[in-house]
Amino acid sequence: MNIVALIIQLLSGAAGGNIAGALLKKLNLGTLGNSIVGIIGGGLGGQLLGMLGAGGTGAAAGALDIGSIISSIAGGGVGGGVLMAIIGLIRQAMSKSS
C-alpha cells in the first residue's frame, strides 16, 4: 500500500464530504462532521477502487504516476461524498422517527 496515495484519498475524501454537504443542505452534518465522515469515506472509496483495479498498474506496484494520483483523488472524493450523503440520510431518518 502506498502511504502517499492513502493521504491523497483521505484529503480528497474530506473535500468530497464538505462539497457534498454544501450541495445537499438537508443532509449537511456540519463542517467537522462532513470532514470526519468524508475522511472515512475517502479511505474506503479509494481502497475499494484500488481493489477493483482502477488506477492502473502503477498504483499496485507502489509507483506514484499521474494515473494513480487522479484515481486516488477521484476515489477519495466520491467515496467521501457518498458516505456523507448516506450518513446524512440515516441521521435525517432517525430524527424524523423520534
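Quick note: the coordinates plus some simple rules give every number you see, no bench work behind them. If you're wondering where the values come from, they're calculated on a predicted model, not measured in any experiment.
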Note to self: What is the angle, in °, between the Cα long axis of helix 3-23 and the longest principal axis of the Cα atoms in the chain? Nearest 10 is fine, range 0 to 90.
What the structure shows: 30 degrees
Check: What number, in nm² with one decimal, is the all-direction average of the projected area of the convex hull of the alpha-carbon atoms of the chain?
Finding: 6.0 nm²
Margin query: So for the chain, averaging the separation of alpha carbon pairs under 8 Å that are six or more residues apart and normalising by length, what relative contact order in percent results?
Written below: 41 percent
Next item on the list: Per DSSP H run of n ≥ 4, the term is -39500 (n - 2.57); total these for the chain, divide by its residue number, and report the mean residue ellipticity at 222 nm rounded to 500 deg cm²/dmol.
Entry: -28500 deg cm²/dmol
Next item on the list: Report, to the nearest 10°, how far helix 66-97 tilts away from the longest principal axis of the Cα atoms in the chain, using its own Cα long axis and a range of 0 to 90°.
Entry: 20 degrees
